[in-house]
Amino acid sequence: MPNAEEHLVFKIDAIMKERGMKQVDAAKLFGVRQPDVSKMLRGEVRQFSVEREL
């Protein structure tokens, strides 16, 4: 899918706004640091992977 990363970031941002989540809340949910969520929402997605070990 072209621009899949941008689409995913848009969806994550929309869900966060819909649920009233702050970046720190999303960071806890994703298991990352808040600055990383901030970078992701600004479009800096190359450093992230969808494959994570739980």
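The values are calculated or read from the model by the stated rules, or taken from the named source; none is laboratory data. These figures come from a predicted structure and were not determined experimentally. In this analysis, Cβ positions are derived from the backbone assuming ideal geometry, glycine residues included, and neighbour counts consider all displayed protein chains.
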### Task
State whether the residues of region 6-18 include one that is of a type outside the set (A, V, I, L, M, F, W, C) and modelled with pLDDT under 90.
yes
### Message
One residue is enough: does region 33-53 have a residue meeting the conditions surrounded by fewer than 15 Cβ atoms within 10 Å (Cβ to Cβ), on the phi > 0 side of the Ramachandran plot and at pLDDT below 90?
### Response
yes
### Summary
Of the residues in region 1-23, those that are over 15 Å from Arg46 (Cα atoms), surrounded by 11 or more Cβ atoms within 10 Å (Cβ to Cβ) and aliphatic (A, V, I, L, M) come to Ile12, Ile15, Met16, Met21
### Residue ID - farthest from the chain's Cα centre (by Cα), chosen from residues in region 1-32 that are of a type in the set (Gly, Ala, Ser) and on the phi < 0 side of the Ramachandran plot
Ala4
